[in-house]
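Take a look at the structure below.
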2 protein chains.
Amino acid sequence: MSSKASLGPSRDTDFPNWYQSVIEGADLAEHSPTRGCMVIKPYGYAIWDKIKQQLDQKITAMGHENIYCPMLIPLAFFEQEAEHVDGFAKECAVVTHTRLKQEQGALKPDGELDQPYVIRPTSETMIGHLFAKWIQSHRDLPKCVNQWANIVRWEMRPRLFLRTSEFLWQEGHTAHQSQQEAQQMAQQMIQVYGAFANEQLAMPVTLGEKTADERFPGAQVTYTIEAMMQDGKALQAGTSHDLGQNFAKAFNIQYQNADNQMAHVFTTSWGVSTRLIGGLIMTHSDDHGLVLPPNIAPYPVLIIPIQAHKQPEVLEACKALQARIQQQQPTLTVKIDQQHHLSGGQRVWQAIKKGVPIIIELGPKDIEKNQLVYRRRDQDASQKHFVDQAEFTGQLSAMLSDMQSGLYQRALKRQADLVNYFDKRSDFEQWMKEPSGFAMVYCNYNDQIKQQLQQFGLTARCEVTKSPLAPDRPVAGPCLWSQQTAPLLIIAKAY
Amino acid sequence: MSSKASLGPSRDTDFPNWYQSVIEGADLAEHSPTRGCMVIKPYGYAIWDKIKQQLDQKITAMGHENIYCPMLIPLAFFEQEAEHVDGFAKECAVVTHTRLKQEQGALKPDGELDQPYVIRPTSETMIGHLFAKWIQSHRDLPKCVNQWANIVRWEMRPRLFLRTSEFLWQEGHTAHQSQQEAQQMAQQMIQVYGAFANEQLAMPVTLGEKTADERFPGAQVTYTIEAMMQDGKALQAGTSHDLGQNFAKAFNIQYQNADNQMAHVFTTSWGVSTRLIGGLIMTHSDDHGLVLPPNIAPYPVLIIPIQAHKQPEVLEACKALQARIQQQQPTLTVKIDQQHHLSGGQRVWQAIKKGVPIIIELGPKDIEKNQLVYRRRDQDASQKHFVDQAEFTGQLSAMLSDMQSGLYQRALKRQADLVNYFDKRSDFEQWMKEPSGFAMVYCNYNDQIKQQLQQFGLTARCEVTKSPLAPDRPVAGPCLWSQQTAPLLIIAKAY
């Protein structure tokens, strides 16, 4: 490929700038004039839409019903759950006025509210209020709702997709008759997220539980999926919370049970956000730009007509090819690149930066020979494959499946290569001084260990429940500190 | 039907309470603890989701690309277009703080912002800023984006779906090289909305132009679709704005044209919102509750198993029927009502209140005879139709089409019956004192006429471009006041 075929910053030498360049090169998003907020551009939004559609199908098939709750939450709601308000008080957007007025030639807030509102940083409090109203009897349980919404958590060090003051997400909320049922739901949802990350995003994730100080404010258990990025840092990619009766008691969510007694429910909440796109980028992309697994690519196949401005039959041939592919795979999106003011080479390079899985070129010579030229984004994209058109359409489905599983395997191998197991505390403490990737150690985590880790910018990511990185390793073993039986803990730097 | 088969308030005697009862009976939405805001409940959200999916398909097929912009707009942006800020200054939610603190046992706003933000009441200003950045050359034009988002406009007299402080909508924004192109786009979009209202919502709408004082703040022309509710009041159901160069100049959106000269673009914006659901309700519903056209019903067919708790084969038979229907119509949603703790009668009554187009009952006796019982919600739902199952599935598609067009025709007839044409000013002025329905008059609208109308709670809805209510009436004629050539104006009370 030409000298243009690199983004500039490389993964190895400048990961943060490389990340920014991948986003810019694929035109996914950009910073906005609103501090800490991003604009999600068409290609980035198309990826989010794929995530949304696929997850929504899974969530609603399980019986969770979509609703929409007000974004503005009365301030008083936050006072009802002490841990919750402590967790979010430092990053709230507060609405205090309902009008603007002109004053000395400038606009000023006017119409001050008696009671301010907080833009939802999450909706447990609003849902708590509503559940208390909606749930009367055991027949109303389980109550399972979900919403796709925007969220504001004020962010001082924004990074596109990873940390933005406003982001898009899905938040599910359920209420149950028993602790066991709530726990099962929280666990089931983290498994749904895990399967989605593995199968659709081809992003290998470890399922685990957060330690007490990394829990969601108000949760009794927080389940998490943790991924490892190519720089070895961890990314929390989704969480599911067993809230016990904390919110049920704070908002007095009671029902009459089968014995005609009043009882508090048990609740859960769980969510994934536009942060998943950040994870997707940092899992697969390379120095040429974005790499997308076919299952999540807005268009897994792009056809670039060559010399179509000179020979009109080229565009016809492209459309015929598109039709033949879609006849065989009706749900596959095949796009034709109609940017005729760009050269073929420019369009190929753009498609590479956008991570299009299969990039096809079709020109007059190919049509003559009934062939086409294709590139695979998961392999060396400078390599052109010349192939008979019928043969190609016959192989395409298998090729896309192969790419999907291949990307997962490649990402898994990268992660596994950066995992460090320690049986000896001294080895771990040596690593800690110059950490890279994940450390996996048996550990009864406590404040002292936490402080030790913090000195080196490390955090406890999760107590492993199930990990493709440690398929054979027991989830419990002798603690490196106390020698008592302890969970398998992942320790790493994190986004 | 039983005595329960009425909602309570009737359309004729108490329209506002009837409206509220339809929403409650169908469990679509409710008021929330956040002043002026509603909670959209599962069935209401499912209707919005149908609207969203169908419209999104139309919008994206036209080449508009979905994006997502920050909800918080810097206050200074509003100062750049004078009419725009005047239009929205009185109903803005203003974010002034970024934290909460405990003070004397209560939570107070903390971390005051230097520059407040306004929650978007609409996004022309943010888009103006972004277009100025994104548009450089004539090759970047037309620029066509759309977003699905939440909006806040502080509302003092909230009504579910019709007027709420927060609502959901779609807002499209485009930029063009010429005034003509922008005008065409604005007109094309109002036609898209009109076709959607007519064909999917079965809600007949009149296409027209707003008079100057009803225009969107900052627009040079506002196109509108106006529907008439069953009480004869008008509902503005969607608008499309030709913004000329107002925002292009305010935000300096310039491009280099083919002659290498810098020129300002011409922009448009257009939107529909959850208000459409209010229109849907008030167009079709009756004293038994909601009536939904099949094209917009979350499930056009509901199967109610009778005595399934006693005889397990009933549920099997219902599933087999569901499968046979869906085999013939794969895109049709057929739901089985599994609320076995409710009697058949209770479930039928619930389905009637929810406006399910076709309600099927299937019990042991029906299975024996290979028949089923169905009711049509658009007809007298107390009437049961006994029909052979195979015959039913063969007729279903035609029945649903018939229902869709029948509901449109019925609504159109209701509207037409409430239209009053006036050739004489004295007749109009007589009507004005006790107005009902729409008045259609040729009128060169001015401030004096406006003030006259206001005394009686009337407004100029639109200058008619195309109306199913006046298919043969010319869009221009002699003004009843000035005798000069004038547009055909609709005058009515409005939501």
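Details
- DSSP beta bridges in the protein assembly as shown [antiparallel fraction, %, rounded to 5]: 85
- Centroid-to-centroid separation of region A:94-170 and region B:27-78 [C-alpha atoms, Å]: 15
- Using alpha-carbon coordinates, inclination of helix B:179-199 to the longest axis of chain B, degrees: 20
- Ascending count of other beta-carbon atoms within 10 Å, so fewest first, for B:Val387, B:Val152, B:Val145: B:Val387, B:Val145, B:Val152
- Against chain B, whose longest principal axis is taken from its Cα atoms, helix B:42-61 shows a tilt of about 60°.
- Cβ-Cβ FRET estimate between B:Ala398 and A:Trp134, R0 fixed at 25 Å, reported to 0.05: 0.05
- A simple charge model with +1 on the Cβ of Lys and Arg, -1 on the Cβ of Asp and Glu and nothing else charged puts the dipole of region B:15-284 at about 360 debye relative to its Cα centre.
- Cα-based shape type of region B:237-313, given that a ≥ b ≥ c are square roots of the gyration tensor eigenvalues and the cut on a/c is 1.5: prolate
- Ordering A:Glu79, B:Glu391 by the number of other Cβ atoms within 10 Å of each residue's own Cβ, fewest first, gives B:Glu391, A:Glu79.
- Remark: A:Arg275, A:Arg410, A:Arg153 ranked as A:Arg410, A:Arg153, A:Arg275, counting other beta-carbon atoms within 10 Å and listing the fewest first.
- Counting only Cα atoms, the size of region B:295-434 along its three principal axes is 71, 31, 23 Å, in decreasing order.
- Projected onto its three principal axes, the C-alpha set of region A:24-126 covers 49, 39, 23 Å, listed from the longest axis down.
- Shielding by other protein chains, B:136-143, mean Cβ within 10 Å: 0
- For region B:166-208, projected area of the alpha-carbon convex hull averaged over all directions, nm²: 4.1
- Taking the C-alpha atoms only, the angle from helix A:124-134 to the longest principal axis of chain A is near 70 degrees.
- Using the alpha carbons alone, the radius of gyration of the protein assembly as shown stands to its Kirkwood radius in an Rg to Rh ratio of 0.97.
- Ranked from largest, the principal axis spans of the Cα set of region A:15-284 equal 62, 57, 32 Å.
- Amide N proximity, region B:185-222 versus B:Gln409 label position 7 Å along Cα-to-Cβ, cut-off under 16 Å: B:199, B:202-204
- Relative contact order, whole percent, for chain B stands at 14, derived from Cα pairs under 8 Å and 6 or more residues apart.
- Paramagnetic label zone (point 7 Å from Cα along Cα-to-C-beta, A:Glu30; backbone N under 15 Å) in region B:216-255: B:252-255
- Computed about its Cα centre, the charge dipole of region A:245-346 is approximately 140 debye, with only Lys, Arg, Asp and Glu carrying charge at their Cβ.
- Rounded to the nearest 0.05, the FRET efficiency derived from the C-beta distance between B:Gln452 and A:Gln104 at R0 = 60 Å is 0.95.
- Across all Cα atoms of region B:167-257, the radius of gyration (one decimal) and Dmax (whole number) stand at 14.7, 52 Å.
- Modelled label reach - A:Asp287, point 7 Å along Cα→Cβ, region A:379-420 residues with backbone N closer than 13 Å: none
- Given in Å, the Rg to one decimal and the Dmax to the nearest whole number for the Cα atoms of region A:339-394 are 11.5, 32.
- Between A:Tyr421 and B:Gln54, the modelled labels are 5.8 nm apart [label points 7 Å from Cα along Cα→Cβ].
- Take each peptide in B:357-363, A:215-221, count the other Cβ atoms within 10 Å of every residue, and average; sorted highest first, the result is B:357-363, A:215-221.
- Computed over the alpha-carbon pairs of chain B, the distance histogram in 10 Å steps reads 4, 17, 25, 23, 17, 10, 4, 0, 0 percent, short to long.
- Alpha carbon centroid spacing (whole Å) that separates region B:211-239 from region A:371-435: 55
- Student exercise, region A:419-492 dipole from Lys, Arg, Asp, Glu Cβ charges, in Debye to nearest 20: 80
- Sorting the segments B:124-132, A:487-495, A:462-470 by their residues' average number of neighbouring beta-carbon atoms within 10 angstrom, most packed first, yields B:124-132, A:487-495, A:462-470.
- Taking the charge dipole of chain B about its Cα centre, with +1 at Lys and Arg Cβ atoms and -1 at Asp and Glu Cβ atoms, the residue from B:Val387, B:Gln415, B:Pro478 reaching farthest to the positive side is B:Val387.
- Note on B:Lys90 and A:Ala212: the model spin-label points, each 7 Å out from Cα along the C-beta direction, lie 5.6 nm apart.
- Global dimensions of region A:419-492 from alpha-carbon coordinates: Rg and Dmax equal 11.2, 31 Å.
Where a number appears in this text, it was derived from the coordinates with a stated rule and is not lab data. These numbers come from a predicted model, not from an experiment. With ideal geometry, Cβ positions are generated from the backbone for all residues, glycine too; neighbour counts draw on all protein chains shown.
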